[in-house]
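Participant: I have a structure I would like to understand better, so I am pasting it below and will then ask my questions one at a time.
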Amino acid sequence: MDLSSINPILLLASLMVAATPIILAAIGELVVERAGVLNLGVEGMMITGAVCGFIVAVNTGSPWLGFLGAAVGGAILSLLFGVLTQLLLSNQVATGLALTLFGLGLSALMGQGYIGIKAPEFADWHIPLLGDIPIIGPVIFQHDPMVYVGLIIVTAVWAFLKYSRAGLILRAVGENHEAAHALGYHVIRVRLLAIMFGGACAGLGGAYLSLVRVPQWTEGMTAGAGWIALAIVVFASWRPWRLLLGAYLFGGVTVLQLNLQAAGAAIAVEYLSMAPYLATIVVLVIMRAGRAPGSLGQSFHASR
Amino acid sequence: MITLEKRPQPSRVWTFATPVLAVVLTMICGGLLFAALGQNPFVTIRTIFLDPLFSEFAWFYRPQLLIKGAPLVLIAIGLSFGFRAGIWNIGAEGQYIVGAICGAAVGLAFYPTESFMIFPLMVIAGALGGFIWAMIPGVLRVKFGTNEILVSLMLVYVAEQLLASMALGALRNPEGRGFPGSRNLTQYPSATSWINEGVGMHWGVVFAFIAVIFAYITLSRHIFGFHVRLSGQSPRAAKFAGVNPGLLVLICMGISGALAGLAGLFEVAGPAGQVSIDFNVGYGFTAIIVAFLGRLHPVGILLAGGLMALTYIGGEIAQSNLGLPGAAIQLLQGMLLFFLLAVDVLTNYRVRPKHKVAT
């Protein structure tokens, strides 16, 4: 094995890229769970976003429109989950699983004519001054725009939950829906909006895989990224900043194992590929999760 | 507008009617989907749901029904225990793979010795493999409070990598001229799970029926079944009744893991024949749909497993005869689960027209 072939600067730079789809999907799910809804369909929304984004981007030639399409696709699919769990009061765990199975089938069907095509890329943009700083420049400031969009969304969610009135209502709905209802807030409406935001974010995360990271469409290409995003929300104790930490930790493991594969490590490729999943399990065990939102996973029905 | 009113008790009529209603709705929506894909909806629906049973080639398809149905029923029966108690083992696919690897490894270790002892040993190894794989999320949940949904799911991806490494490395056929995949177990009389290949009978089918009977008796007649049902409906009441929640998690995970492992072993030693990279085809996930479609009841699961096997076979026929994409069948199965969850509201709630309350 040749460890000197691994460039630490490139490693850190690709870490940020590897973490971005997880950040996008996880921050959406974080908002959903803070509103008291457990949507296990992240994987399905991500893969649907990946294919929607890819189709739109290929047909319009614009990656920006692709990401928009992915967000809309993810939100529409999540609305299906929202209607079932919020209006028809179905079990959230089972419905989330159904959403994943449905999304995998739907994306495979939609993406049939798009296998083997290359996606249009973002125009190369070089951030002046910041991008030229040695070491820090290539690591932090020379990425595609979506990396920064992800970070902006995390910051916005943090500020929204901490400082805005709407964020307070959302947290109240998640902590105790009976009390929030008694205060006159529309529990179902708040939750539906949160679910759609989660779907849109998961769609963006999926599109990041199919438009930037890979950039191609293949069936089942998310390969568990949605589930890892769910794990990272638990790891983060439902707090946005810790979510970033978890996603970068995960991105680091992914990138490191890819680099070790390329450097010809003595361990078989299959065992290295297990690393991100095993790391997720280890993280779930070691980190004692903080307290989950009080009404997480419970259906709300205003009975008289 | 309409409003929902909670029923004091779940409706008995709707408990039986909702799965049927869901199937009918899926057929209608599936038909619309197929029409959108440029197919004749009536022909497609008939091909998927009726041709495997009643067409002129049905003699060929009927055995397939047993072959596809057996693993689904075996896995779903195991999952139903946990689902009833609120323990979500989503990683049956991983337990299925590991069971197959362990069972096949034992069989291959004895090659080419012939003995009646080999197959029973393989069965034990398969069940044990699935059991141990399911114990990982079980023990982690009991000891550390980790979420068993996420851990069991992560282990599916780990198991898939393990399968690839086994098919390419340790279990590869030494006489296979370097091709990936193990020796073919169906050509090794002491290790094959076939009883009669012509009618689709293998030991997995036998075990599936035994599992249904065993689950039925356990759930309706045994104190353990009572504890499982009680824990799902009211965890607090279960505690007062003397249920040890940690032990219950381990037992439920263990049962579902062992049954999934068994299903994997019977598949690898029979219909699949060998350990190969693409051995698993998603039975572990489809079994979740089967468990819910069967309302977590053993007899219901048996019927649901049959129906789901039908869509698999009908899907293959539609794929080869009508050129229907394979993903459309996957979508149809997902749709079925959605409709089932949606119409379930009728079991627990009464739909009433909304009337203004005079104040």
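Participant: Which of the residues in the range A:73-94 lose at least 10 Å² of accessible area when you go from the chain alone to all protein chains together (probe 1.4 Å)?
Facilitator: When all protein chains are present, A:80, A:84, A:87, A:88, A:89, A:90, A:91, A:93, A:94 each give up 10 Å² or more of accessible surface.
Participant: About its Cα centre, what dipole magnitude does chain A give when the only charges are +1 on Lys and Arg Cβ and -1 on Asp and Glu Cβ, stated in debye to the nearest 20?
Facilitator: Using Cβ point charges on Lys, Arg, Asp and Glu, chain A gives about 1020 debye.
Participant: Something else now. How much accessible area per residue does the range B:71-308 have, in Å², with a 1.4 Å probe?
Facilitator: 39
Participant: Where does chain A land at 222 nm, in deg cm²/dmol rounded to the nearest 500, when only DSSP H runs of n ≥ 4 count, each adding -39500 (n - 2.57), divided by all residues?
Facilitator: The helix contribution divided over chain A gives -22000 deg cm²/dmol.
Participant: Still on this structure: Just how many pairs of Lys in the protein assembly as shown have C-alpha atoms closer than 30 Å, counting pairs that are eight or more places apart or on different chains?
Facilitator: 4
Participant: Probe radius 1.4 Å, ligands and nucleic acids ignored: give me the carbon and sulfur share of the accessible area of the range B:203-307 as a rounded percent.
Facilitator: Working: 2990 of 4300 Å².
Roughly 70 percent, rounded to a whole number.
Participant: Tell me the relative contact order for chain B as a rounded percent, counting alpha carbon contacts under 8 Å between residues six or more apart.
Facilitator: Once divided by the residue count of chain B, the mean separation gives 35 percent.
Participant: Where the centre of each part is set by its Cα atoms, how far does the range A:184-229 sit from the range B:140-160, in angstrom?
Facilitator: The two parts, judged by their Cα centres, are 22 Å apart.
Participant: Give me the compactness ratio for the protein assembly as shown, meaning the Cα radius of gyration over 2.2 N^0.38 Å.
Facilitator: On the way: Rg = 25.1 Å, N = 663, 2.2 N^0.38 = 26.0 Å.
Relative to the 2.2 N^0.38 Å estimate, the protein assembly as shown comes out at 0.97.
Participant: Using 1/(1 + (r/R0)^6) with R0 = 25 angstrom and r between the beta carbons of residue B:62 and residue B:115, what's the FRET efficiency to the nearest 0.05?
Facilitator: About 0.15, to the nearest 0.05.
Participant: Could you compute how much accessible area chains A and B hide from each other, both sides summed, with a 1.4 Å probe? Nearest 100 Å² is fine.
Facilitator: About 3700 Å² of accessible surface is lost on pairing.
Participant: Any idea what the relative contact order of the range B:172-263 is, in percent, if you count C-alpha pairs under 8 Å spaced at least 6 apart?
Facilitator: Values: 46 pairs, mean separation 10.4, N = 92.
Answer for the range B:172-263 is 11 percent.
Participant: Moving on to the next point. Hey, can you list the residues from the range B:1-31 whose accessible area shrinks by 50 Å² or more with all protein chains present, relative to the chain by itself (probe 1.4 Å, no ligands or nucleic acids)?
Facilitator: Residues meeting the cut-off: B:4.
Participant: By its C-alpha gyration tensor, with a ≥ b ≥ c as the square roots of the eigenvalues, how is chain B shaped: rounded for a/c under 1.5, else prolate for a/b larger than b/c, else oblate?
Facilitator: Cα axes put chain B in the oblate bin.
Participant: Once amide H atoms are placed 1.01 Å from N in the peptide plane, what residues at a sequence separation of 5 or more from residue B:40, or on another chain, have their amide H within under 5 Å of its amide H?
Facilitator: Sorted by chain and number, the residues that satisfy this come to none at all.
Participant: For chain B, give the magnitude of the charge dipole about the Cα centre (Cβ charges: +1 Lys/Arg, -1 Asp/Glu; no others), in debye to the nearest 20.
Facilitator: Computed charge dipole of chain B: roughly 1640 debye.
Participant: Quick one: if you stick a label point 7 Å off each Cα along the C-beta vector at residue A:285 and residue B:299, how many nm between them?
Facilitator: 4.4
Participant: Heavy atoms only, probe 1.4 angstrom, no DNA, RNA or ligands counted: give me B:144, B:34 ranked by accessible area, highest first.
Facilitator: Ranked from most to least accessible, the order is B:144, B:34.
Participant: Follow-up. Give the long-range amide H neighbours of residue B:183: residues separated by 5 or more places, or on another chain, with amide H under 5 Å away, using H modelled in the peptide plane at 1.01 Å from N.
Facilitator: Under 5 Å from the amide H of residue B:183 lie the amide H atoms of B:173, each far enough along the sequence or on another chain.
The values are calculated or read from the model by the stated rules, or taken from the named source; none is laboratory data. Predicted model, so just to flag it, every value in this text is computed and none were measured. Here the Cβ is made from the backbone with ideal geometry for all residues, glycine too, and neighbour counts use every protein chain on show. Areas reflect the complete protein model, heavy atoms only, side chains present, ligands, DNA and RNA absent. Shrake-Rupley method; radii C 1.70, N 1.55, O 1.52, S 1.80 Å.
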